[in-house]
Amino acid sequence: MGMNKFLSDEDLAVIHTLDDNSLYAAPNLIEELFTYPYLSDSCLLVSYDDAGNPTGYIPLGMYLSDSTLIASYIPAIPPSPPISPIYTPGAEHVIADLGSLLDEGTLYFDVDMVAHYSFSYLEDTASAYCLPMKDYLSYLSASRRKDFRRKLKVAEKYQIKQGSLSDVMEAWPWMKSVWEKRGAYDSEHVQRVFRWLKAIEASGRAIMKVDKYLLDGKFVGVNCCVMHDYKGTRHIDDYLTWYDASVASGLGIISAINNITNPLYYGARYNLGLPGYYGKTFDGHEYKWDLFPEFIRLKQSIIHIEI
């Protein structure tokens with residue numbers, strides 16, 4: 001991977017100094033964040049103590065939204081990854097240092113899991129804690145329970161085997177076709193996704209959970225999650241479900257239900273990703289809202305920062 005011009009030697013020294021061995025502190029992942037092409041003026045926002053020692057950082061980039069330049073943390077695969085800025089070491093110190101600058105303006109960070117701060121605005125996320133199926137269904141309305149039981153019946157026709165990232169690449173043509181029909185095809189996206197997942201794999205700090213879905217013995221879809229521990233909690237970051245829409249329509253919902261109700265993962269934090277923003281839902285991602293009843297959705301604090 002080539003050195004990104006926005007990461008200085010000083011930035012790299014901060015990243016290595018504060019590396020706490022958590023997944024999203026891995027130096028190779030932070031470098032990978034800065035390769036995203038649609039950001040400008042990317043930098044590392046760093047906090048320091050009175051002695052001048054770094055105490056935390058958040059990767060920051062500017063992007064164009066409705067002709068306005070917006071500042072945001074740099075997520076893994078913009079615009080809809082599970083990563084949050086609070087995952088980077090000492091991010092809470094950066095936020096605290098900016099406390100006097102918090103403003104309801106146009107510059108913002110999505111800050112997840114900051115329990116000791118109180119924010120006036122909270123937004124639903126497509127994240128929840130894994131729980132038993134009976135408990136999960138109890139949060140659904142009668143009509144939704146009927147719908148999900150129907151989906152569970154459909155799920156029985158699939159066999160699941162352990163896969164690998166090569167299966168993700170094999171599944172890409174199916175998703176390319178789906179995206180082209182939505183008018184949202186990005187020819188470079190698959191390479192960014194695959195490069196990011198390879199970087200995670202190379203970090204050695206996570207379990208790459210790749211479920212290969214088979215129908216009558218034939219490969220029809222793949223679900224790829226990254227499992228890692230963060231501050232005592234197991235996180236399951238669901239990055240993608242790519243499938244043959246002609247025979248496996250609805251696999252995204254089915255794979256998510258399989259993950260959130262798997263007994264092996266009870267108590268883990270399941271992050272399905274960002275389904276939308278500012279009240280807009282991405283086409284094809286509506287199920288991310290519908291999958292999680294409102295009562296179990298985890299919230300995200302939205303704060304606005306003038307810098």
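The values are calculated or read from the model by the stated rules, or taken from the named source; none is laboratory data. From a predicted model like this one, the values you see are computed outputs, not experimental measurements. All Cβ positions, glycine included, derive from the backbone under ideal geometry; neighbour counts span all protein chains shown.
Residues that are surrounded by 16 or more Cβ atoms within 10 Å (Cβ to Cβ) and modelled with pLDDT of 95 or more number at least 3 in the following strands (runs of 3 or more DSSP E) confined to the stretch 186-252: 207-215, 218-230.
Suppose the filter is more than 18 Å from Leu165 (Cβ to Cβ), of a type in the set (Val, Ile, Thr) and assigned to a loop (DSSP other than H, G, I, E, B); does Val178 pass it? When the stated conditions are applied, Val178 does not pass them. When every residue of the stretch 239-256 is checked against the conditions, none turns out to be under 19 Å from Ser203 (Cα atoms) and acidic (Asp, Glu).
For every residue, the table says whether it meets (1) closer than 25 Å to Arg269 by Cα; (2) surrounded by fewer than 17 Cβ atoms within 10 Å (Cβ to Cβ); (3) in the same structural domain as Leu264 (by TED's automatic domain parsing).
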site	(1), (2), (3)
Met133	yes, yes, yes
Tyr136	yes, no, yes
Phe148	yes, no, yes
Leu152	yes, yes, yes
Ser166	no, yes, yes
Ala171	no, no, yes
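Can you name the residue in the stretch 8-27 that is in a helix (DSSP H, G or I) and of a type in the set (Ser, Thr, Tyr) and, of all such residues, is nearest to the chain's Cα centre (by Cα)? Across the stretch 8-27, the extreme among qualifying residues is Tyr24.
Each row is one residue, and each column tells you yes or no for (1) of a type in the set (D, E, K, R); (2) at pLDDT 85 or above; (3) in contact with a Pro (Cβ under 9 Å, 6 or more places away or on another chain).
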site: Ala91; (1), (2), (3): no, no, yes
site: Leu98; (1), (2), (3): no, no, no
site: Thr106; (1), (2), (3): no, no, no
site: Tyr117; (1), (2), (3): no, no, no
site: Lys146; (1), (2), (3): yes, yes, no
site: Val154; (1), (2), (3): no, yes, no
site: Leu165; (1), (2), (3): no, yes, no
site: Val168; (1), (2), (3): no, yes, no
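Taken over the stretch 1-28, the residue count meeting the criterion of being modelled with pLDDT of 90 or more and hydrophobic (A, V, I, L, M, F, W, C) is 8. Could we say that Lys161 is at pLDDT 85 or above and charged (D, E, K, R) here? Answer is yes for this residue. Any residue at all in the stretch 234-241 that's in contact with a Ser or Thr (Cβ under 7 Å, 6 or more places away or on another chain), more than 25 Å from Leu140 (Cβ to Cβ) and of a type outside the set (Gly, Ala, Ser)? No: zero hits.
Of the residues Asn28, Asn21, Asn53, the single one that is among the polar types (S, T, N, Q), in the same structural domain as Ser72 (by TED's automatic domain parsing), surrounded by fewer than 17 Cβ atoms within 10 Å (Cβ to Cβ) and within 21 Å of Leu98 (Cα to Cα) is Asn53. Among residues of the stretch 183-195 that are in the same structural domain as Glu31 (by TED's automatic domain parsing), none has a beta-carbon under 7 Å from a residue that is modelled with pLDDT of 80 or more at least six positions away or on a different chain.
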